[in-house]
Each structure stands twice: as structure tokens, then as C-alpha cells.
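Have a look at the structure below, then the notes.
Taken together, the values in this text are just the output of simple stated rules run on the coordinates, not laboratory data. Remember, predicted model here, so these are calculated numbers, not experimental data. For neighbour counting, all protein chains shown are included, and Cβ atoms are generated from backbone atoms with ideal geometry for every residue, glycine included.
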Amino acid sequence: MAGSTEGARPESPVLAQLRLRVNGTEHELTVDTRMSLLDLLRERLDLTGAKKGCDHGQCGACTILIDGRRANGCLALAVAHDGADIVTVEGLADGDELHPLQQAFIEHDAFQCGYCTPGQLCSAAGMLGEVNDGWPSAVTPQGDSESQLTEAEIRERMSGNLCRCGAYANIVPAIAQAAR
Amino acid sequence: MRPFRYERAADADQAVALLAAEPEARFLGGGTNLVDLMRLGVETPGTLIDVTRLRDQDRIEETAGGALRVGAAVSNSELAADPRVRERYPVLSEAVLHGASGQLRNLATVGGNLLQRTRCAYFQDVTKPCNKRAPGSGCPAREGDHRNLAIVGHSELCVATNPSDMAVALAALEATVHVRGPAGGRVIPIPGFHRLPGDQPQRDTVLESGELITAVELAPPAGATRQRYRKVRERRSYAFALVSIATVLALDGDTVADVRIALGGVAHVPWRATLAEQALRGAEFTGDAVKRAAEAELAEAQPLRDNGYKVELARNLITRTLLDLAETA
């Protein structure tokens, strides 16, 4: 690291090296320690699918998968995720074959303006993995070891993704279809 | 955001030593609160010491005595999903799942959840006075927007509430916080870890400068209990509590063998409802007894101009939750 003296607050940007695997491609990068994963993806790797909605972890538009788990890219410092395997909405499809969630979102018209959609898709992909791993939600009854993906479960588990157009009525059945 | 150095510690001793060498440093967990506060200019650390990869702190283990030791770097999601937690301490799993969102819980750590700031909107707005952020500058919340702030235990200087759901369950379960500092290790019980604002609202907890949370320990369950976490909020999911409750109830026939109640959203700390507990412990469990206990707990509440609704809400939540719990098998 450069540009700083031990003990005092650094006056100039501090740089750090890191390695990331993003949608299957290895990257070696030098970044400002202040850079979020979201900014790194958008501004350094030109992966602009993940959106900067609020930049405070409140809207979910920046949701990406870090080592298979969904996370808010805006609150994740890039430097703290050295070595991570990242998947963004650009990495969900298999070549020309859409991810089942993407296909279901199209079939159900599960968006209007589309701004929140990349975050919704990555969040749903991560969420289905959590259900598959038997993780409960706040609406899962005590003692239930198998989570049934009811509408109530989908709504609760997806509550970290806001849609200002209010497309929830179509997002929920789209996710239910992809889960089958 | 101001520039900062970044260090990654390999174990607790190294993390503590790194912090001791740099007084302007902060420990970094998942960053879901700290990074946000840095972006807002509320926190301006010179160095972040990443403690998410410390040896032995990423797992949940059973101790020889039957307690469950939760490493400080375990994510909120992993804690809530752990089969042992779900079976023995369901109120804790439920509380964690009622907090934040799925993607935030994946990032957030157990240690970080305990150390998220007790806060209000004025604390987060650096253009406003705030005794917690800038001691002595004043508290606009007292006369301003305090609809969702404290009704008990507040001081002239601060009326903020602690937003953690997890901590409310830990208070009801009487968990302990294990910390390591320059002077060695110590164990701090919850409740007792968070502190009321008094004349030092800048201090949310009793942690001393340089101390690191290494684990949270849950005592072996004492017999069969019924447990429940309930949270009242302005929308059904992904919002802070107006009032929340964690309850652990043991009935012996119609008699209350033991009861523990903690409230969230009402104070600067997870609020242990000791008056209600005292009124119920050993008593016959009846609707009237529960109602009287809830009334006793809130009798001394000091609501502000616009948050008096929380007093009745807390009373009703205690009553309803205990009555519902008694009906479960």
C-alpha cells in the first residue's frame, strides 16, 4: 500500500491490489480502498447491470452474488473481498441460453422500467440457493425443516429488493415458476 | 469518503495489536453499517482492520459444557439457519430473520450486528447537531422527529434506539459476549453489553477502546421453554421495529416457572422487561396476570411528544405474545 504514514489519517487515496473472479474471468486490479464492489464492477469492468439505486443498502438494485451468496454490492468494499468469486446479472445466462429466472421474468412481464431487474434476478438466484440449503425465513414456521416456497415466503425473502414501478405482482409468480 | 488504510488480521491477537497501534482505526465486519456511516461522513477511520477472516471465528461450535459458541465472524444468515440454533434457541433465529434483508444478513456478522450504532436520523446527518456524533452539540430529536425513538431509559442528551433484532433475543436468552483487548479477555453478559445514554451518549456499549468481540456464547437451554420473537413495524418486512419482543417462557402446569422478556425499539439498549418478569415469575399464568405484568413494565415509561403510541403498543405486544405462546404446545 502507498500514500500514507503509520498512525495518522491518510491524506491521499490509498491503493490496494486484489484478485477477483467475475462471471468466470480472473481479474487483477489495483483499487482505491474506498471503492465498493459495485463501483468496481460498473466503472472498472464495464459491467453496468448491477445498479446504484440508493448506495446505502436499502434498495437492493446492486445485488450480486459473492461466492454464491447474494449481497449488496454498494456496501461491500472491494478490498475486503480479495479472492472472491463474483456473479453479476451479466453472468447468469449460459451463453445464449437465458437463466430460468430471466426467462420467467420475460414470460411474466415482471418489470416495467427494468432498473431494479438485475438486482431482482441476482437476489432471486441467491434466494433459491438459500431455500435449497434449507435456510428459513421470518415467515417459516418454527420447527419446519423443509421450506415450501409459498407466495408469502417469496415476498418475505425478496423484501430487500424494491421495485418503484410496483411490478411485484408479476415478480412473485415469475420466481415461483423458475423455482419449479 | 475519506481515504483509509486497509489491513486484514489473521487472528484476534493480531487484530487487537493492529488497532492498538493505530488509534484512528476501526474493526471492519461485513460493513453493512460502518461503510454506510463512512459514506455519510459520520465515521472517518484512518484504517480499517478487517476481522471477517480471523482464525476460528467463522464457525458455531458446541462447548464441552453444552453451550453454543458463535464466532464473531459468523454471518447473520448462518446463525439464523444453524439447526442447533433453530432447535434450541428458536427466538434467536427468528429475531435475526426479522432484521434487515436476505442480502444484508449474508454480509453482516454477529460481532458487527452487536456493534451497529444505536442511532437516529439526526445522528446520520452530519449537517445536524447530535450529542452522540458530536458530544455537546445538542439533540434535535427531543423537539424534532422522534416518532420512532425511545420511550424508556433515555436522557436529556439522547433519545436514540438500538435497531438490532438479534440483540433483543440475546438479551432474553442471557447470552454472553466474549471480547479480547490489549489487557486480555473478558466476558460481558447481555443485558449489560449495551448501555443507556446517560451523559455519555457517544458510547453505545461498555466495550473499552481497543476491545474486539470474538464470540457470543449461548448457555445450554434450561429445560423446555416456549420462545417467540415478534416485531411490529410500518411495513411487513425489511424495516426497523416500532416495538419488538423476544420471549422465553417456561410453564409448570398453570404456574410460570420462568419467563424472560426483552423489548426492541423502545430504548438505547435491548430493554429487558424485568418488572414484567418479576410480576409473572412464580405466579399463576392468567390473562389478568399477564396484563398486569405488562402494565407494571410500562408504568414508568417516559414517552416523548410524538411516540406515546409505543407505550400501548409495547403493553399489548407483551400481553398478546405471552398469551399466544402459552397456547402453543
Per residue convex hull volume, Cα only, region B:227-327, in Å³ is 93
Pair B:Ala183, B:Ala257: separation of 7 Å Cα→Cβ label points (nm): 4.0
Using only alpha carbon pairs under 8 Å that are at least six residues apart, calculate the relative contact order of region A:15-91 and give it in whole percent. 39
Mind pulling up the Rg/Rh value for chain B? Radius of gyration and Kirkwood radius, both on Cα. 0.97
Dipole of chain B, positive direction: furthest Cα of B:Ser137, B:Gly210, B:His194, with charges on the beta-carbon: B:Ser137
Reach of B:Lys291 by Cα under 22 Å, taken over lysines that are not fewer than 8 positions away in the same chain: B:Lys231, B:Lys310
Using the 10 angstrom Cβ neighbour count as an exposure proxy, how do A:Cys165, A:Cys122, A:Cys59, A:Cys54 rank, fewest first? A:Cys165, A:Cys54, A:Cys59, A:Cys122
So the pair-distance distribution of chain A, from every Cα-Cα distance in 5 Å bins, comes to percents of 1, 8, 16, 19, 18, 14, 10, 6, 4, 3, 2, 0
A:Tyr168 and B:Asn316 label points (each 7 Å along its Cα→Cβ direction) are spaced in nm at 2.2
Region B:113-201: projected area of the alpha-carbon convex hull, averaged over directions, in nm²: 6.7
Report the FRET efficiency, 1/(1 + (r/R0)^6), for A:Gln148 and B:Thr274, where r is their Cβ-Cβ distance and R0 is 35 Å, rounded to 0.05. 0.35
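Could you list B:Met38, A:Met127 so that the one with the fewest beta carbons within 10 Å of its beta carbon is first and the one with the most is last? Working shown, then result.
Values: B:Met38 21, A:Met127 26.
Ranking B:Met38, A:Met127 by Cβ neighbours within 10 Å, fewest first, gives B:Met38, A:Met127.
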Taking the Cα atoms of region A:60-125, report the difference between the largest and smallest coordinate on each principal axis, in whole Å and largest first. 38, 24, 14
Coordinate range along principal axes, alpha carbons of region A:15-91, Å, largest first: 29, 24, 21
Out of the DSSP beta bridges found with both residues in chain B, what percent are antiparallel (nearest 5)? 85
Taking 0.36 nm per intervening residue step and subtracting the Cα-Cα distance, what contour gain separates B:Arg53 from B:Leu323 on full extension? 92.9 nm
Let me have the relative contact order for chain B, percent, based on Cα pairs under 8 Å that are six or more residues apart. 17
Shielding by partners, peptide B:176-187 (average Cβ within 10 angstrom, other chains): 0
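If neighbour count is taken as other Cβ atoms inside 10 Å, put B:Tyr238, B:Tyr89 in order from fewest to most. Write down the numbers at each step before the final one.
Working: B:Tyr238 21, B:Tyr89 26.
Ranking B:Tyr238, B:Tyr89 by Cβ neighbours within 10 Å, fewest first, gives B:Tyr238, B:Tyr89.
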Relative to the Cα centre, what is the charge dipole magnitude of region B:5-50, using +1 at the beta carbon of each Lys and Arg, -1 at the beta carbon of each Asp and Glu, and rounding to the nearest 20 debye? 160
Note on region B:1-87, DSSP bridge orientation, antiparallel percent to nearest 5 equals 25
How many percent of Cα pairs in the protein assembly as shown exceed 33 Å? 40
Find which of B:Ala17, B:Gly29, B:Val42 sits farthest along the positive direction of the dipole of region B:5-50, computed with +1 on the beta-carbon of Lys and Arg, -1 on that of Asp and Glu, about the Cα centre. B:Val42
Computed over all unlike Cα pairs, the Kirkwood hydrodynamic radius of region A:100-179 in Å stands at 12.7
Could you let me know the centre-to-centre spacing of region B:232-301 and region B:21-47, using Cα atoms, in angstrom? 35
The equivalent-ellipsoid semi-axes of region B:5-50, taken as the square roots of five times the Cα gyration tensor eigenvalues and listed largest first in whole Å, are 19, 11, 7
Mean residue ellipticity (222 nm) of the protein assembly as shown, computed from DSSP H runs ≥ 4 via -39,500 (n - 2.57), nearest 500: -7500 deg cm²/dmol
